[in-house]
Amino acid sequence: MKIIDILILGSGPAALCLASELAKQNLYIKGISTKAPNEKWENTYGIWASELEELGLESLLSHRWSKTVSFFGNGETEKGNIPTNHKYDYGLINQEAFQNELLNKCNGIEWLNDTAKEISEKNNLSEVVCLSGIRLKARLVIDASGHKSNFVKRPAKNAIAQQAAYGIVGKFSSPPVKEDHFVLMDFRPDHLNHQEQLSSPSFLYAMDLGNETFFVEETSLASYPALSQDDLRKRLFIRLKNKGIKVKEVFHEENCLFPMNLPLPFKKQFVLGFGGAASMVHPASGYMIGSLLRRAPLLAEKLAIFLKEPNLSSLELATRGWRVLWPYELTQRHKLYQYGLNRLMSFDESRLRSFFSNFFKLSTKEWVGFLTNTLPLPKLIYVMTKMFINSPLKVKLGMLNIK
């Protein structure tokens, strides 16, 4: 049996982003996935256009909006309906083009249609036993199968906050979004009764897709327990009804649920993670695609260098990989984001609207860097401090956990 250099679990965006970079490194790589790598991805992926531009991948956008806005008013006054103009381009990734781009770069990598059942370290190698009974040996196993990984170990945590969303792509009796507009957050609560406003806040994420087609999604940033898909669906339709809008035709339904505050994995373990399995979801925004694309090349290059040392065990290879993936700088930034998320989860709807209204008064470079996790640690500390100082009193008290 030939020893595999790297065995990748999964075939979603995280797996293909990393595999496409590893394919450049002259390594023997295989993948295992219950789904074929060319099986269509279900969910939509939004991203700030600059994140793809900086990587030379802006051609992968199916839609791009320059008219990007949010609403944080109370919905009852004229002022409440005045949008916050972000003046920064947002895009929707062409899933098929993105998937094909990565698959083309993965040329030569074979995916087995199977499921990893057990992974153990024997004689410095990782042995994977599949449900089919197949056994594979690799110098390193990378789990990129998502946040539900059974093989990546991390500290136990009782309350895992999750971002949940329910959305539809379709045609409506009247436009839910202005022509050529993208709405990042519509927090106006005028369609909710008082009791609903006191429960877990949610907002509308919406976009004009052209040809009288729109994508509207009711989103809960993070909560524990998570808002159910049924609750989010009801909220979305109440929101639309309040505007006198009826759904005429549904082309696609979207259901999202993923953790926002998973603890970082242990850095000393013989399975390496990537993507959701490695807690790479941004705790403050829920985004991950940009991070996958930025962090995969360095990890692939370093792993290729580590694998040149024939005596390194799976544990030693994975431990080195974890250090590359989560160096001190990124670890500390992650902790700061998680602290901020924990505080925001305690905010009621009114305080949350006030927070975001103030957040987008930061300079564009500051708020974009915050949401994309590209601010160096000193700058992130500066921005969070500036945000606190400039916040209204009720937001300050909330950040200090004072009711």
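Readers should treat all values here as calculations from the given coordinates under stated rules, not as data from a laboratory. None of these values were measured; they are calculated from a predicted model. Note that we place each Cβ from the backbone using ideal geometry, even for glycine, and neighbour counts take in every protein chain shown.
Would you mind getting me the FRET efficiency between Asn358 and Glu254? Use the beta-carbon distance for r and R0 = 25 Å, nearest 0.05. Present the calculation step by step, with values, prior to reporting the outcome.
Numbers: r = 30 Å, r/R0 = 1.19.
My answer for the efficiency is 0.25.
Where a ≥ b ≥ c are the square roots of the eigenvalues of the C-alpha gyration tensor, would you call region 254-383 rounded, which needs a/c under 1.5, or, failing that, prolate if a/b is larger than b/c, or oblate? Let's see the in-between values first.
Values: a/c = 2.56, a/b = 2.05, b/c = 1.25.
It comes out prolate by the Cα gyration axes.
Rounded to the nearest 10 degrees, what's the angle between the helix 13-22 long axis and the longest principal axis of the chain, both from Cα atoms, 0 to 90?
On a 0 to 90 degree scale, this one is about 40.
Given the pairs Lys2/Lys267; Lys153/Lys302; Lys30/Lys117; Lys40/Lys178; Lys87/Lys379, which are separated by over 18 angstrom at their Cα positions?
On the way: Lys2/Lys267 28 Å; Lys153/Lys302 22 Å; Lys30/Lys117 16 Å; Lys40/Lys178 30 Å; Lys87/Lys379 22 Å.
Result: Lys2/Lys267; Lys153/Lys302; Lys40/Lys178; Lys87/Lys379 exceed 18 Å.
How about region 110-205: which GluC sites (Glu not before Pro) there are in a DSSP loop, with at most 16 other Cβ atoms within 10 Å of their Cβ? Let's see the in-between values first.
Details: sites: Glu110, Glu118, Glu121, Glu127, Glu179, Glu196; in loops: Glu179.
Those satisfying the criteria are Glu179.
According to a simple spin-label model (label point 7 Å from Cα along Cα-to-Cβ), what is the distance in nm between Arg294 and Ser132?
Distance between label points: 3.8 nm.
Label region 332-399 by shape, choosing from rounded, prolate and oblate, from the square roots a ≥ b ≥ c of the eigenvalues of the Cα gyration tensor; if a/c is under 1.5 it is rounded, and otherwise prolate applies when a/b is larger than b/c, oblate when it is not. Before the final figure, lay out each step's value.
Values: a/c = 1.86, a/b = 1.42, b/c = 1.31.
It comes out prolate by the Cα gyration axes.
Among residues other than Gly290 whose Cβ falls under 14 Å from its Cβ, what is the net charge (Lys/Arg +1, Asp/Glu -1)? Numbers along the way, then the final one.
Values: positive: Arg294, Arg295; negative: Glu51, Glu53, Glu54, Glu58, Asp89.
So the environment of Gly290 carries a net charge of -3.
Which one of Ser173, Ser391, Ser285 has the biggest mean-square fluctuation once the chain is modelled by GNM with Cα springs under 10 Å?
Comparing Ser173, Ser391, Ser285 in the GNM, the peak value goes to Ser173.
Using DSSP to define loop residues, name the trypsin sites (Lys or Arg not before Pro) in region 267-368 whose beta-carbon has at most 15 other beta-carbon atoms within 10 Å.
The qualifying sites are Lys267, Lys268, Lys308, Lys361.
Can you tell me what the convex hull of the Cα atoms of region 1-129 projects to on average, as an area in nm²?
Approximately 11.7 nm², given one-decimal rounding.
So how do 235-243, 183-191, 135-143, 247-255 stack up, highest first, on mean other-Cβ count within 10 Å?
Ranking the peptides 235-243, 183-191, 135-143, 247-255 by packing returns 135-143, 183-191, 235-243, 247-255.
Going by average Cβ density within 10 Å per residue, which order do the peptides 204-216, 376-388 take, highest to lowest? It would help to have the intermediate numbers written out before the result.
Working: 204-216: 18.7, 376-388: 14.5.
Answer by packing, highest mean first, reads 204-216, 376-388.
I'd like the FRET efficiency for Thr34 and Asn158, computed as 1/(1 + (r/R0)^6) with the beta carbon distance as r and R0 of 35 Å, rounded to 0.05. The partial results should precede the final answer.
On the way: r = 29 Å, r/R0 = 0.83.
Here the calculated transfer efficiency is 0.75.
At a threshold of 8 angstrom on Cα-Cα distance, excluding pairs fewer than six apart, so keeping six or more, what relative contact order does the chain reach in percent? Spell out each step's value before the answer.
Working: 792 pairs, mean separation 75.6, N = 403.
Dividing the mean separation by the residue count of the chain yields 19 percent.
Helix 328-344 against the longest principal axis of the chain: what's the angle in degrees, Cα atoms only, rounded to the nearest 10?
Here the helix axis deviates by roughly 30 degrees.
Report, for the chain, the % of DSSP beta bridges that are antiparallel, rounded to 5. Don't skip to the answer; put the middle values down first.
Values: 48 of 69 bridges.
Among the beta bridges of the chain, antiparallel pairing accounts for roughly 70 percent.
Karplus couplings for region 298-310 from phi (6.51 cos²θ - 1.76 cosθ + 1.60, θ = phi - 60°), rounded to Hz, Gly and Pro as x?
5, 4, 4, 4, 5, 4, 4, 5, 4, 5, 6, 8, x
Would you mind checking which residues have amide H under 5 Å from Lys67's amide H? H placed 1.01 Å from N; only 5 or more apart, or other chain.
The answer is Phe182.
Calculate the FRET efficiency for Arg64 and Asn342 from the Cβ-Cβ distance with a Förster distance of 25 Å, rounded to the nearest 0.05. Could the numbers behind the result be given before it?
Values: r = 34 Å, r/R0 = 1.35.
It comes out at approximately 0.15.
Can you tell me the 0 to 90 degree angle between the C-alpha axis of helix 229-242 and the longest principal axis of the chain, rounded to 10?
Its long axis makes an angle of about 30 degrees.
Sorted from largest down, give the three principal axis spans of the alpha carbons of the chain, whole angstrom values.
Projected onto the principal axes, the Cα atoms of the chain cover 70, 46, 37 Å.
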